Amino acid sequence: MLQELGELLIVAGALTGLFAAWLSWGQSPLPTAAQQQASQRIKQAFRAGTWVPSGAIALIRIPALGAGWQYPVYEGTGSLLEGYPMVGQNG
């Protein structure tokens, strides 16, 4: 009985360790190559004063996560607010 409990705890600990590793390395906050290219296109459009085709309204940068950490910010939330007025609209 005690041996089975020990084996179960070892397996549970190993699974917890694997889950923690997946959270650390499997879900990296670093931007992918596609996101970096999109950020570059957005920066160029903002500098030129032109409309950004993807609909991005800003780039968010969080220096604590690294110098290269930046993601586009898009207006709206998609279908969750369909039919509700957005900021600045009457309703």
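So, in the stretch 53-71, of the ones that are assigned to a loop (DSSP other than H, G, I, E, B) and modelled with pLDDT of 75 or more, which residue ends up nearest to Gln35 (Cα to Cα)? Here the answer is Trp69.
Residue by residue, here is whether (1) in a strand (DSSP E or B); (2) at pLDDT below 75; (3) touching a Cys at 6+ places or on another chain (Cβ under 8 Å) holds:
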position: Thr16; (1), (2), (3): no, no, no
position: Leu23; (1), (2), (3): no, no, no
position: Ala34; (1), (2), (3): no, yes, no
position: Gln37; (1), (2), (3): no, no, no
position: Gln44; (1), (2), (3): no, no, no
position: Arg47; (1), (2), (3): no, no, no
position: Trp51; (1), (2), (3): no, no, no
position: Val73; (1), (2), (3): yes, no, no
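The values are calculated or read from the model by the stated rules, or taken from the named source; none is laboratory data. It should be emphasised that the depicted structure is a prediction, and the values quoted were computed from it without experimental measurement. Here Cβ is always computed from backbone atoms with ideal geometry, including for glycine, and neighbour counts include all displayed protein chains.
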